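The structure appears right after this line, and notes come after that.
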Amino acid sequence: MDIQTRWVKVPNQDLEIDSYLAQPVAAGTYPGIIVVQEIFGVNAHIRDVTERIARLGYVAIAPSIYQRQAPGFETGYTPADVEQGRVYKDQTTAAELLSDVQATIDYLKREFGISQFGTIGFCFGGHVVYLAATLPDVRVTASFYGGGIATMTPGGGAPTISRTKEIHGTIWCFFGTRDPLIPNEQVDQIEQELQKHGIDHQIFRYDADHGFFCNERDSYDPQAAADSWEKVQELFSRLRP
């Protein structure tokens, strides 16, 4: 499907969030997908994912969740890049992140008349979309290797896992069993909590490392990436009539 892309500004009170928007060229009403970045900003990989989703027939948008900390920030995957990205991550709060995702949803409602919404997030973004699954507008969530869900929440407070009972829709989580940042025991905890509260969910475990979906990282795993992408398409198809 042919698409068009542009940067837009999503208003959230006195903040304007730089956001990368990709949408089908053909006229029509499409579901909306919020793409949430890794710690590396809305970089080339995240823009590529956003475009891939749009080609499937969605309006996809990637808001810069570091807008408050570092407007325009995007970087690669060197150790120095990781260190800098973590500095900005540690300055975020759950309340602000949820507010930014909701503002992005409201923007799509207002500009495109969209009523069906999903999210996808990677690394820190995987954690953010787990949080955002508690928003009433979010029907489906694809959370890729979201670190810290079982142990912390951005800005401090009870771990994000404690909010599992607030999830409204369907959430599918994707993890690598060789991920040094997310012990398998934490994945088990997440699965148990989702089961405990009767959340519509699936947990997918791959023999892979952290960041297995990103073809620009050394940890990229083509087989795991391809399989998980097929599952994402299946999940997002639930947004269609």
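The values are calculated or read from the model by the stated rules, or taken from the named source; none is laboratory data. Keep in mind that this is a model prediction, so the values were computed, not measured. Glycine also receives a Cβ, built like all others from the backbone with ideal geometry; neighbour counts cover every protein chain displayed. These area figures cover heavy atoms from the full protein model, side chains too; ligands, DNA and RNA do not enter into them. Shrake-Rupley method; radii C 1.70, N 1.55, O 1.52, S 1.80 Å.
Solvent-accessible area per residue in the range 100-179 equals 28 Å², computed with a 1.4 angstrom probe and all protein chains kept.
Other residues lying with their Cβ under 12 Å from the Cβ of THR5 contribute a combined charge of +1, Lys and Arg counting +1, Asp and Glu -1.
Under the convention that each Lys and Arg Cβ holds +1 and each Asp and Glu Cβ holds -1, the size of the dipole of the chain around its Cα centre is about 640 debye.
Computed about the Cα centre, the dipole magnitude for the range 1-96 is approximately 220 debye when only Lys and Arg (+1) and Asp and Glu (-1) carry charge, each at its Cβ. Within the shell of other residues whose beta carbon sits under 15 angstrom from the beta carbon of GLY76, the net charge comes to -4, with Lys and Arg scored +1 and Asp and Glu -1. Comparing GLY118, GLY198, GLY85 in a Gaussian network model of the chain, where Cα atoms under 10 Å apart are tied by springs, the biggest mean-square fluctuation is seen for GLY198.
Taking 7 Å steps out from each Cα toward its Cβ at GLU83 and ARG178 produces label points 2.7 nm apart. Rounded to the nearest 500, the helix-only mean residue ellipticity at 222 nm of the chain stands at -10500 deg cm²/dmol, with each DSSP H run of n ≥ 4 adding -39,500 (n - 2.57).
With a cut-off of 20 Å on the backbone N, the residues of the range 1-30 near the modelled label site 7 Å out from ASP106 along Cα-Cβ are 8-21. The Kirkwood hydrodynamic radius of the chain, based on inverse pair distances between different Cα atoms, is 17.6 Å. FRET efficiency for the pair ARG205 and ASP14, taken as 1/(1 + (r/R0)^6) with r the Cβ-Cβ distance and R0 = 35 Å, rounds to 0.25. Computed over neighbours whose Cβ is under 14 Å from that of VAL25, the net charge equals 0, Lys and Arg +1, Asp and Glu -1. Think of the chain as having a plus end and a minus end, set by charges on the Cβ of Lys, Arg, Asp and Glu; of PHE174, ILE17, THR104, THR104 sits farthest toward the positive end of this dipole. Placing a pseudo-label 7 Å from each Cα along the Cα-to-Cβ vector at ARG240 and GLN223 gives an inter-label distance of 2.9 nm. The portion of the accessible surface of the chain made up by carbon and sulfur, rounded to a whole percent, is 46 (1.4 Å probe; DNA, RNA and ligands excluded). On the beta carbon distance between GLN195 and MET152, with R0 = 35 Å, the FRET formula returns roughly 0.95.
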